[in-house]
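The structure appears below as structure tokens.
The values are calculated or read from the model by the stated rules, or taken from the named source; none is laboratory data. Predicted model, so just to flag it, every value in this text is computed and none were measured. Here Cβ is always computed from backbone atoms with ideal geometry, including for glycine, and neighbour counts include all displayed protein chains.
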Amino acid sequence: MKNLVFLFLLSTSFTNAQIFDILKDKVKDQATHLIGDKAIGAITTEAITTNFKDCNKVDIKSPDFGKNENYTKLCNVAFSPSEGYLLKPGFYTIELKSFCLHAGTYAPSKGDGYLYAPLKGQKKDLVASLIKNWYQNQDIPQEKVQALVWGIIAKSSFKNMSPDLQLAATRLLSKSELLSLSKMGLDFVPASVMSKAKSNLPQSVQMILEAENKIRSFFSSSSTSYSELEKLALLTGVNPITSEISYGTWGLHPKGYWTSYQPHGYRQMTVRIYVPNTMTSVSYIPSDDVAVPANTGSQRLKVSDVLNCN
């Protein structure tokens, strides 16, 4: 039934019959035919590779920097998805919604310090489009966008996703991106294959691979419960490892301004921005950023352009 609905949704979003014929071939899941090193490579390859090594850990400021300054709130300031917020020198604060990019890790806590890094990985364009285009499609619940992101990170077969998630994808992605997404395809991987894939890997990596496999199993089932999916994607409790940097630490952005990321769980965060007097103005686009924790066991967070001011 899911396959039929999937094909129907794609046919309504594509006017080119030739593309539709290609899609029907591409959505056939090839995971069951993967064997040996090819299977292990498909399981262990990260969809998003951004990590703390990609952060500038030299140019940082204490969380107390700017604590006595007056901050301009950006909740009511004009914003363009292509041009962002035009900011002159000064201090700013904004409340935004965000997304988890790392299944099998702990949710952010007040013990985790975050710094900017660019989005990297084989599926970075798909993830970026889902989150950037959500700004123009805010009637789609955040949970559906997050479910799609987790599905991509877990390398789940798109044909296994529920019809409502497939429909959301057709609204958030271009035709070529949908075609790329339809080429993805792993079902739940048997324990024997997972055991071989995880051998000799660090425990933290094994936990991530297990979480991704559980997510694939979820999409292969008939369940559509977001709370169930969330439990599979997130580790319970607080990361026991002490962060290298403090919560709220400021980091120098490549564009020349400073940012301080303060997550409140994985779905929302406060971002503080400082534009030095040496700059005339800057263009700030939140969804260009990934907030990366110093703790590798905590979640990388993709910032969105969608406000959380209420």
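Taking each residue of region 237-250 that is in the same structural domain as Pro293 (by TED's automatic domain parsing) and touching a residue at least 40 places away in the same chain (Cβ under 8 Å) and looking for partners that are surrounded by fewer than 15 Cβ atoms within 10 Å (Cβ to Cβ) and assigned to a loop (DSSP other than H, G, I, E, B) with beta-carbon atoms closer than 6 Å, six or more apart or interchain, yields Tyr247/Lys110. If you go through region 117-134 and pick out every residue that is assigned to a strand (DSSP E or B) and crowded, with 24+ Cβ neighbours inside 10 Å, you end up with 0. Criterion applied to Leu209, Leu232, Leu179 was being surrounded by 14 or more Cβ atoms within 10 Å (Cβ to Cβ), part of a helix (DSSP H, G or I) and not assigned by TED's automatic domain parsing to the domain that holds Ser129, and the one residue passing it is Leu232.
For Ser287, state whether it is closer than 30 Å to Glu69 by Cβ and assigned to a helix (DSSP H, G or I). Answer is yes for this residue.
Could you look through region 212-229, keep only residues that are surrounded by fewer than 20 Cβ atoms within 10 Å (Cβ to Cβ) and in contact (Cβ under 8 Å) with a residue 60 or more places away in the chain, and pick out the one that is nearest to the chain's Cα centre (by Cα)?
Tyr226
Would you say Leu167 is assigned to a helix (DSSP H, G or I) and over 25 Å from Ile43 (Cβ atoms)? Here the answer is yes, as Leu167 does meet what is asked.
The requirement of being over 19 Å from the mean Cα position of the chain (by Cα) and either over 19 Å from His102 (Cβ atoms) or part of a loop (DSSP other than H, G, I, E, B) (or both) is satisfied by Ser246. Filtering region 182-206 down to residues that are touching a strand residue (DSSP E or B) at 6+ places or on another chain (Cβ under 9 Å) and assigned to a loop (DSSP other than H, G, I, E, B), which residue is surrounded by the fewest Cβ atoms within 10 Å (Cβ to Cβ)? Among those that are touching a strand residue (DSSP E or B) at 6+ places or on another chain (Cβ under 9 Å) and assigned to a loop (DSSP other than H, G, I, E, B), it is Asp187.
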